[in-house]
């Protein structure tokens, strides 16, 4: 048997066994069989193939890209989580600052709602938060109570946004109302629009606007002198370009012609001055529209929104003294400012209610402003139906 076996091995070309002292690699160098790849994932690696550097699967250079991808993935997830936490925290912080003090549900005999959204934006002469020294420095005086320095309806709709200003001396019908303090019922009467706010606050002013325009006011927003100054200063000033020098002793305005940045004190003086305007209150309203539009544009710019050192002071200053209705959310406030910015950028129209007489002599209210009945009626109908505004102020 052994003979047959030896002859068979020789016919198959069997090679003599390697000496035990030679490793597979040395055997290969000596002319033996080439080293074979490891067939297992064992910790020893066997006699063939490179030894494993660790247990399990081992870590070769080919696994580094997967490790980098994992690091990038977890880093992005961390950033998203951090951004979410900051956003939620900012929302609740800002929401806690909103002063929801106006109850529009108290407004009587409201007109039916139209298309789009109407914001009644009011600038009051409230001295709340101002010291005696600040009142003197800002030329505000120390009058008791509150009156309105400006009144605008911002209509936001599908056919462009419209910022419509109402002269505070507009001669309108103030509908019947119940006195806030006396509880006495007062009949309807004709007075300047500003009188409605003095007699019944935001609710009566809202009702008077609705009664004389037929527009349903969805939201109310009001800011006083202190809030206005702080907001402008938090923005780092508001850029304005003046065609001519402007000087008004009553408001403290004193500006050269040309483009310049107005701080809070200067901005307040600019929007309050009227004695250098040929049409007095109407001229002041145009300046107010320009300033508020520029303010909204800067507040919504990337330089403000993407800079937390500017964004948070602006939000805090704006909301600390901004008085709104009880149903107004932060989303509504943001929409209002974005719409104002849109009007500045040309996506809308800025105008004054059409006027027929700017110097109407009245029996008890001195000189007042009379609206153009036909044009005003057409304008209010276009806004109510959210149509493209074709009516002009003149």
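The values are calculated or read from the model by the stated rules, or taken from the named source; none is laboratory data. Here the structure is a predicted model, which is why all the values come from computation and not from measurement. Note: ideal-geometry Cβ built from the backbone for every residue, glycine included; neighbour counts use all protein chains shown.
So the values come out like this:
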read-out	value
Qualifying positions in the stretch 314-333 - assigned to a helix (DSSP H, G or I) and at pLDDT 80 or above	330, 331, 332, 333
Residue that is free of Cβ contacts under 8 Å to residues at least 60 places away in the same chain and either closer than 19 Å to residue 166 by Cα or touching a helix residue (DSSP H, G or I) at 6+ places or on another chain (Cβ under 7 Å) (or both), where the choices are 251, 294, 317	294
Residue match in the stretch 183-194 (condition: under 27 Å from residue 367 (Cβ atoms), free of Cβ contacts under 8 Å to residues at least 24 places away in the same chain and part of a loop (DSSP other than H, G, I, E, B))	yes
Condition broken by residue 351, with the remaining ones in (1) modelled with pLDDT of 95 or more; (2) not in a helix (DSSP H, G or I) satisfied	(1)
Positions within the stretch 104-139 being in contact with a strand residue (DSSP E or B) (Cβ under 7 Å, 6 or more places away or on another chain), at pLDDT 65 or above and either more than 26 Å from residue 200 (Cα to Cα) or assigned to a loop (DSSP other than H, G, I, E, B) (or both), in sequence order	116
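Here is a yes/no grid of residues against (1) within 28 Å of residue 193 (Cβ to Cβ); (2) modelled with pLDDT under 85:
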| position | (1), (2) |
| --- | --- |
| 245 | no, no |
| 252 | yes, yes |
| 259 | no, no |
| 266 | yes, no |
| 272 | yes, yes |
| 278 | yes, yes |
| 281 | yes, yes |
